Amino acid sequence: MSRLATAPANTPGMGGHVLGSITLSGVALACALVLFFAVRKADRLKHLHSRDGIGAFGILTGTAWTAAGSSWAAAASGIAAVPTSVLGDGSGMGNPGAGGTALALTALTFLPGWKRTLWPALLGISAAVVYGAAGGVWGLLVTTARMLVGKLTGAA
């Protein structure tokens with residue numbers, strides 16, 4: 001009888017014996033790959049080819065990266081550093097606060113008619129980072145998503 005490598009039943013993460021253990025880093029990696037191929041207009045991701053779909057998935061990806069921590073959170077924070085330095089406090093735009101910066105990033109993600117879908121993806125990732133820092137209504141969705149993913153992956 002051959003023994004297949006399977007995850008033990010008590011392994012943290014979602015999936016168990018069907019998918020194996022999936023951690024927050026695994027979710028972050030999957031989101032990164034889906035976003036990458038959506039921006040590249042992969043045929044199997046036609047529902048994400050719109051600017052809005054890619055922007056929304058960018059927000060989801062930024063949330064997953066921030067929740068995963070370590071290198072993923074550093075990448076999300078690095079991407080967010082550029083637009084927040086242009087729009088945020090000390091930028092010459094006054095003092096919009098974290099909530100105002102979150103509003104501006106959301107507007108920039110969804111309102112312009114971007115020809116290249118890379119911009120809504122990057123701005124969506126940036127918005128997710130700022131949502132978490134802004135708190136209030138902005139942080140509610142991000143906090144809920146982090147808790148849900150954390151529960152599903154066994155990280156929380």
Next on the checklist: For a quick check of your reading: which helices (runs of 4 or more DSSP H) sit entirely within region 11-126 and have at least 3 residues that are among the polar types (S, T, N, Q) and open to solvent by less than 50 Å² (accessible area, probe 1.4 Å)?
Outcome noted: 51-68, 97-110
Checklist entry - Could you give every pair whose Cβ atoms fall below 8 Å, whose first residue belongs to region 109-121 and is at negative phi, and whose second residue is assigned to a loop (DSSP other than H, G, I, E, B), counting only separations of at least 6 or pairs across chains? => result Thr117/Lys41; Thr117/His49; Trp119/Pro112; Pro120/Trp114
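Within region 127-141, track down each residue that is over 16 Å from Ala76 (Cβ atoms) and either open to solvent by 50 Å² or more (accessible area, probe 1.4 Å) or free of Cβ contacts under 8 Å to residues at least 12 places away in the same chain (or both). Let's see the steps before the verdict.
Here is the first cut: in region 127-141, the ones over 16 Å from Ala76 (Cβ atoms) are 135-137, 140.
Of everything in region 127-141, those that are over 16 Å from Ala76 (Cβ atoms) and either open to solvent by 50 Å² or more (accessible area, probe 1.4 Å) or free of Cβ contacts under 8 Å to residues at least 12 places away in the same chain (or both) turn out to be Gly136, Val137, Leu140.
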Checklist entry - Only one of (1) surrounded by 14 or more Cβ atoms within 10 Å (Cβ to Cβ); (2) among the hydroxyl-bearing types (Ser, Thr, Tyr); (3) closer than 23 Å to Leu48 by Cα is not met by Thr144, so which one is it? => result (1)
Next on the checklist: Just the residues that are in contact (Cβ under 8 Å) with a residue 24 or more places away in the chain and either more than 24 Å from Ser21 (Cβ to Cβ) or hydrophobic (A, V, I, L, M, F, W, C) (or both), please, taken from region 142-153.
Outcome noted: Val142, Ala145, Val149, Leu152
Checklist outcome for this item: Apart from one, (1) modelled with pLDDT of 90 or more; (2) touching a Leu at 6+ places or on another chain (Cβ under 6 Å) all hold for Phe110; the odd one out is (2)
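The values are calculated or read from the model by the stated rules, or taken from the named source; none is laboratory data. Computed from a predicted model, the values in this text were never measured in an experiment. Every residue, glycine as well, gets a Cβ built from its backbone with ideal geometry; the counts of neighbours run over all protein chains shown. The area values use the complete protein model at the heavy-atom level, side chains included, leaving out ligands, DNA and RNA. Shrake-Rupley method; radii C 1.70, N 1.55, O 1.52, S 1.80 Å.
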